Amino acid sequence: MTTTENLKFIHSQLPAKVKLVAVSKTKSVDQIMEAYQTGQRLFGENKVQELIGKWQQLPKDIEWHYIGHLQSNKVKQIVPFVSFIHGVDSYKLLATINKEAEKCNHVIPVLLEFHIAEEESKFGLSLEEAEQILSMPEIESLKNITISGVMGMATFTDDQNMIKSEFELLQHIFQSLKNRFFSNCEQFREISMGMSDDYPIAVAAGSTIVRIGSKIFGSR
């Protein structure tokens, strides 16, 4: 199937409230343009230099989501044009994004990343660490970011029950933070979970953003 056919199929499977981020890392400008011409506008990248190069060459109505692990010293390179930053896992990174966004007069939506998988290699906060960050008085002064929800990656496994329980854990974390810190905040509404191999399980568990690459563009 072509990129166009793949996109149409995935959109037909997703509830209207679930946003699709097409993960275009390692994909060419031509491949991204094919998806763009199908109507896709949300794209995800995980390398700063690659993202900058594509942003320079591609239509400016694309919403770029940064979905990789972001180092503080790279923030200023993407803040002027990025629409969403997914994997924030420290107060330092929140403060850095806020500082750079303020310089550009932007307000950037971010997601707190949680470690929900069995694998040690994944990044992310625990619920307790997130609660500590959100309880800090300084958090109130960060006016140029909007904490818009949570993000996480399940274990890379064929065990569907394990994946399901990890996604349900992230849904529980979201609800817990919503109740305690964001009960009056309409913007805190996103749960970014689910990739090519597990997005149907994620959607069933309450995902509002799925990040899909190979099921759209094919394997590398």
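Across the stretch 162-178, in residue order, what do the Karplus-derived ³J(HN,Hα) couplings come to in whole Hz, using 6.51 cos²θ - 1.76 cosθ + 1.60 with θ = phi - 60° and x for Gly and Pro?
Per-residue couplings from phi come out as 5, 4, 4, 5, 5, 5, 5, 4, 5, 4, 5, 4, 4, 5, 5, 5, 4 Hz.
Under 5 Å between amide hydrogens, which residues at least 5 positions from E118 or on another chain qualify, with H placed 1.01 Å from N in the peptide plane?
Long-range HN contacts for E118: T155.
Rank by packing, highest mean first: peptides 92-103, 136-147, with packing defined as the count of other Cβ atoms within 10 Å averaged across residues.
Going from most to least packed, we get 92-103, 136-147.
In whole Hz, what ³J(HN,Hα) sequence does the stretch 50-65 give by Karplus (6.51, -1.76, 1.60; θ = phi - 60°), x for Gly and Pro?
5, 4, 4, x, 6, 4, 5, 9, 10, x, 7, 8, 6, 9, 8, 9
Using the Karplus curve 6.51 cos²θ - 1.76 cosθ + 1.60 with θ = phi - 60°, work out ³J(HN,Hα) for each residue of the stretch 179-191 in order, rounded to whole Hz, and write x for Gly and Pro.
5, 8, 10, 10, 4, 9, 10, 5, 5, 7, 9, 9, 10
Would you kindly calculate the translational diffusion coefficient of the chain, applying Stokes-Einstein with the Kirkwood radius from alpha carbon pairs, for 25 °C and a viscosity of 0.890 mPa s, and quote it in µm² s⁻¹ without decimals? Please report the intermediate quantities before stating the final value.
On the way: Rh = 17.7 Å.
Reported coefficient: 138 µm²/s.
How big is the dipole moment of the chain about its Cα centre under a simple scheme where the beta carbon of each Lys and Arg is +1, that of each Asp and Glu is -1, and everything else is neutral? Debye, nearest 20, please. Intermediate results must be reported in sequence, preceding the final value.
Numbers: 23 positive and 27 negative charges, 164 e Å.
Around 780 debye, computed over the chain.
If packing is taken as the average number of other Cβ atoms within 10 Å across a peptide's residues, how do 170-176, 1-7 rank, most packed first?
On the way: 170-176: 18.6, 1-7: 15.4.
Answer by packing, highest mean first, reads 170-176, 1-7.
List every residue whose amide H lies under 5 Å from the amide H of I108, counting only residues 5 or more places away in sequence or on a different chain, with H placed 1.01 Å from N in the peptide plane.
I145, T146
Show me 184-190, 162-168 ranked by packing, highest mean number of other Cβ atoms within 10 Å first. Show your work: numbers first, answer last.
Details: 184-190: 12.9, 162-168: 18.9.
Descending mean neighbour count gives 162-168, 184-190.
Debye calculation, C-alpha points only, no solvent: report log10 I(q)/I(0) for the stretch 53-177 at q = 0.15, 0.18 Å⁻¹, in the same order as the q values.
-0.73, -0.98
We did not get these values from a lab; they are worked out from the coordinates using the rules stated. If you're wondering where the values come from, they're calculated on a predicted model, not measured in any experiment. Positions of Cβ are generated from backbone atoms using ideal geometry, with glycine treated the same way; all protein chains shown enter the neighbour counts.
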